[in-house]
Every structure is written in C-alpha cells, then in structure tokens.
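Input: a single structure, listed below in structure tokens.
The values are calculated or read from the model by the stated rules, or taken from the named source; none is laboratory data. Computed from a prediction, not measured in an experiment: that's the story for all the values here. Note: ideal-geometry Cβ built from the backbone for every residue, glycine included; neighbour counts use all protein chains shown. These area figures cover heavy atoms from the full protein model, side chains too; ligands, DNA and RNA do not enter into them. Shrake-Rupley method; radii C 1.70, N 1.55, O 1.52, S 1.80 Å.
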Amino acid sequence: MSKIYSGIRGTSSLDPAETYSFNQIIKKSRNVFDVFGYEEISLPLLEEEGLFRRSVGDTTDIVEKQMFKIEGKDIVLRPEGTAQVIRYYLENSLYKKSDFYKFSYVGPMFRGERPQKGRLRQFHHIGAEAIGSNSFYLDAEIISLSMRILDIIGVREKSLNINTLGCSLDKVNFSKDLKKKLIGNKSKFCQDCQRRIQKNPLRVIDCKNKTCKSEVATLNIGESHLCSDCRQHFNDLRVLLDELGIDYTYSPHLVRGLDYYTNTVFEITSSQLGSQDAIGAGGRYNELIQCLGGPSISAIGFALGVERLMLILDKSSPRKGISVYVATVDDNLKTQALKLTQQLRGEGIRVDTGYLKKSLKGQLRYAQKKGAKFVVIMGEEEIAQNSVMLKDMDTATQEKVKIDAVVNKIKSEI
Ligand code: HAM
C-alpha cells in the first residue's frame, strides 16, 4: 500500500470555510491600508541568509535557531518582512526618488519553531513599513493603523503594550547596565539566558521562562537609560495616544525578539489566546537602513499574525459555497441546466449544477450542504411549458416560474 502523506507539523491546510475567513481578513486589511495611504508590495519568499543575520540579529532566536535554510546555499525562507522591505528599498535606491514611503505587504513567513497552538512554522504576516521619518506622529499612525485593522476585522478584546528602547546609544548603555545587574545572579537563569547575559542581555528581559521572568521582575527597569531626545519622543507619543483615545499600557519589560528595534516598540495581545498571545507587534528601527549599507533614515512598522487572528475571530457563520443550484430531474436536460447556470454566473451569482448521477433528492441535499438559498428544478413537464420550478430552501416552498424570468427573479431576491 502506498503511504498517505501528512502535512508538515507547524503548517496549516485550510478548508474552504477557513480559507474564506483567511481571505476576508486579508481583504479587509488591504482596504484599511488603502485608506491610510499604504501601497502594497510583493516580495519573494527566498532571501540571502546574511540579510537576517545582520538585521534581526545573530543572537536572536529567529536567526540562531529558527531559519529554514536551503541546503548548500546561503539562502533562507524569509522569517519576517521588515529586513526584506529594507533590502528592496536599498537595492532600488528608493531614498533617491522620494524621502518618504509607506508600504504594506501580506504573505507567508517561515520559522523553525517548536509547533504549538498559535506557533507555526509557516504563518502569514499582514505588515506595514513607513520609511523616512522619526516623527512621533508617525509612531501614532502606525499604532492606530494596526489597531484599526484589528477593529475592522472584528477583534474586540485586545491590549496594546508600548515601550521605548531608546536610540542605539541608549540601548548600548542599557545593555551594559543590565549585564552588570544580571551577571551576579547568572545561575538563577535558564541556559539560554545565561548565554544571553553575555551576548545580548536585552533578550533576557523578554524570556518566557517562569524563573527568568520572576528574576527580571525584581530588576528596576524604567526609563533611566534614555537620553533626553528619546525620553521626549516617547512622552510626546504617549500624550498623543491619549489625545487620540488609544488605550495602552506602558510595559518597560517589552523589548521584542528582534535586534533592529530602537525607540518605540509595541505589542498587541489577546487574552483569548494561550501562551502565544501576541496578535501583532512592531516598532521603530531607526538604525536598520544604515546597518544594511544605506543612509541614516528612520523607519517604523508592524506585522499582524493572520493565523493567530483566525484563532480568536468568530467562526459561527462561515459563508458556504453557492447561492443557487440548478437541478435536473432527467439527465437529458443537463445542457439546458448548464446554459442557465452560465447565464446566472454571467450575472455574478454564485451558482452550480450537478456533474454526478444523482436523484433529485440527492441533488437537493447537496444544494443544502453547499448553502444554496434557491434551487432551480428542471423537469420535462415544466420545460415543455418553458418553465422551471424555483425552490426557496429557507422556507421549503416552491413556485413555477417562466424560464426567461427566472434569472431576474433570483437576482431580485438574493
Ligand atoms: P514578530 O513579533 O516576530 O514581528 O511577528 C509579528 C506577529 O506575527 C506576532 O505578533 C505573531 O502574531 C505572529 N507570529 C510570529 N511568529 C509566529 C509563529 N511562529 N506562528 C504564528 N504566528 C507568528 C516581526 O516579524 C516584525 N517584522 C514586525 C515589524 C514590522 N516590526 C517592524 N515592522
């Protein structure tokens, strides 16, 4: 017997109802991007490994443990979109053509994580990057854009957490300070954090390990590492968010798992999810463009995780396949059935007809399963009178309708 293959662990195969709600999320997000003036770009799934090593950071989990590498090549499946958008921006010298860009993107990302609920190896981002300004007004726009998308797609319960890491100099000072504080208690931390204390102490702050978390909670982490400009930027942003009526929590422990961030960082969580509760996140990366060989240009962005959104969105009424089904009592009426089907399709109505040998009862059962509101029944007797029976599946009533009037009747009632 031949083997029946299973899907790869950590990937998801969506059925039609799930695919419909996936597409609805994307469609609604695209509308919001459009309204906010973000233009969509489409970038490849493959990138050079070094791009992510340099930008996301060599010692981050994503780069250290999770990249899917093509064997024998310095090519990986992209784990995230920001570095890639900047690669595209620099490769095309876009900064020479305009001083400000707003891009959006949608597509699969790949991370070799240990799969669990809400943590996949292939998942999808809906993301945006605004390049060319360090204004705190832009921080507020990016945050309100992400919250707006979540509102529009129907995520009611959500919390926004914000923090600032300060500029790269602040980050260096913060790291040094932190290392001093952590090194004395090194043995109390998990194996990963013991390494992080040496190489990248900021990572210790957002470790999910319980013991590490409670150790970190004893540290007095606040804004003392910030220079006056960065402190001002963050204060201005907070005042503006209050002004705009956007609720947030200041979370000094929020540092994010990607090294390119500077200044404002944020994360949106939902209590409807388990341990993987972030539905989206983002922040500023004012040094990344320079770090990838470009000029000094500030930028900020975010990404939402589509699969996590699907876990929390209402699945109660998925749209079914068709609105109308054209059934035949006799097989020799199939050509006429197909003609009417095509005519209805021409009017943009979601309609199907049968391709299997089925009794009328079987056809009606199939139509119901597919969500048809009307079934057109073609029988010899009715056709002889240039008519068909039109059955309303909701009320289970039917009436005889002239064949040349049926399209308009369906159109007016659907
Ligand atoms: P990120 O936090 O790594 O940020 O990913 C953004 C969102 O993607 C997360 O909040 C989560 O909802 C979802 N996500 C991440 N990993 C997984 C996974 N393994 N399975 C399912 N969903 C996942 C970034 O990638 C940044 N590029 C965001 C950004 C854009 N920052 C600035 N611009």
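From the Cα gyration tensor of the range 132-228, with a ≥ b ≥ c the square roots of its eigenvalues, which class applies: rounded if a/c is under 1.5, or else prolate if a/b is larger than b/c, or else oblate? The shape class here is oblate. For the range 324-413, a simple Cβ point-charge model (Lys and Arg +1, Asp and Glu -1, everything else neutral) yields a dipole of about 400 debye relative to the Cα centre.
Taking K and R as +1 and D and E as -1, what net charge do the other residues with C-beta under 15 Å from the C-beta of S93 add up to? Walk me through the numbers before you get to the answer.
Values: positive: R87, K96, K97; negative: E91, D99.
Local net charge: +1.
For helix 360-369, report the angle its Cα long axis makes with the longest principal axis of the Cα atoms of the chain; keep it between 0 and 90° and round to the nearest 10°. Helix 360-369 and the main axis of the chain meet at about 20 degrees. Close amide-amide hydrogen proximity is noted between Y250 and I162, each under 5 Å apart and 5 or more residues distant or on a separate chain (H modeled in the peptide plane; Pro and chain starts excluded).
Of the accessible area of the range 324-413, computed with a 1.4 Å probe over protein heavy atoms only, carbon and sulfur atoms account for 49 percent.
Among the listed pairs K176/K199; K188/K210; K320/K400; K69/K199; K171/K199; K334/K357, those whose Cα-Cα separation exceeds 18 Å are K320/K400; K69/K199. Taking every protein chain into account, the accessible area of the range 337-414 amounts to 60 square angstrom per residue (probe 1.4 Å). Accessible area per residue for the range 53-134 is 45 Å², calculated with a 1.4 Å probe on protein heavy atoms, without ligands, DNA or RNA. Protein-only accessible surface at a 1.4 angstrom probe places the residues D392, D242 in the order D242, D392, largest first.
What ratio of Cα Rg to 2.2 N^0.38 Å holds for the chain?
Details: Rg = 27.7 Å, N = 414, 2.2 N^0.38 = 21.7 Å.
Its radius of gyration relative to the 2.2 N^0.38 Å reference: 1.27.
Counting heavy atoms of the protein chains only and a 1.4 Å probe, report the per residue accessible area for the range 194-244 as a whole number of Å².
Values: 2860 Å² over 51 residues.
So the range 194-244 comes to 56 Å² accessible per residue, rounded to a whole number.
Evaluating 6.51 cos²θ - 1.76 cosθ + 1.60 at θ = phi - 60° for every residue in the range 20-27, the Karplus couplings come out as 4, 6, 4, 5, 5, 4, 5, 4 Hz, glycine and proline recorded as x. The amide H of E40, built 1.01 Å from its N in the peptide plane, has S104 as neighbours under 5 Å, considering only residues 5 or more places off or on other chains. Remark: the range 117-126, residue by residue, has Karplus-estimated 3J(HN,Hα) of 4, x, 10, 10, 8, 10, 9, 10, 9, 10 Hz, where x stands for each Gly or Pro and the curve is 6.51 cos²θ - 1.76 cosθ + 1.60 at θ = phi - 60°. Exposed loop sites were defined as GluC sites (Glu not before Pro) in DSSP loop states (anything but H, G, I, E or B) carrying at most 16 other C-beta atoms within 10 Å; in the chain the longest segment without such a site runs 224-346.
Classify the range 324-413 as rounded, prolate or oblate from the Cα gyration tensor: take a ≥ b ≥ c as the square roots of its eigenvalues, call it rounded if a/c is under 1.5, otherwise prolate when a/b beats b/c and oblate if not. It is rounded, given that a/c, with a ≥ b ≥ c, falls under 1.5.
Relative to the Cα centre, what is the charge dipole magnitude of the chain, using +1 at the beta carbon of each Lys and Arg, -1 at the beta carbon of each Asp and Glu, and rounding to the nearest 20 debye?
Values: 61 positive and 51 negative charges, 292 e Å.
Roughly 1400 debye for the chain.
Per residue, the average separation of C-alpha pairs within less than 8 Å and at least 6 apart gives the range 324-413 a relative contact order of 29 percent. Result for the chain in a Gaussian network model with C-alpha springs under 10 Å: among S104, S55, S275, the largest mean-square fluctuation is at S275. Close amide H contacts of I297 (hydrogens built in the peptide plane, cut-off under 5 Å, sequence separation of 5 or more or a different chain): I289, Q290. Tilt of helix 228-243 relative to the longest C-alpha principal axis of the chain, in degrees (0 to 90, nearest 10)? Once rounded, one gets 30 degrees.
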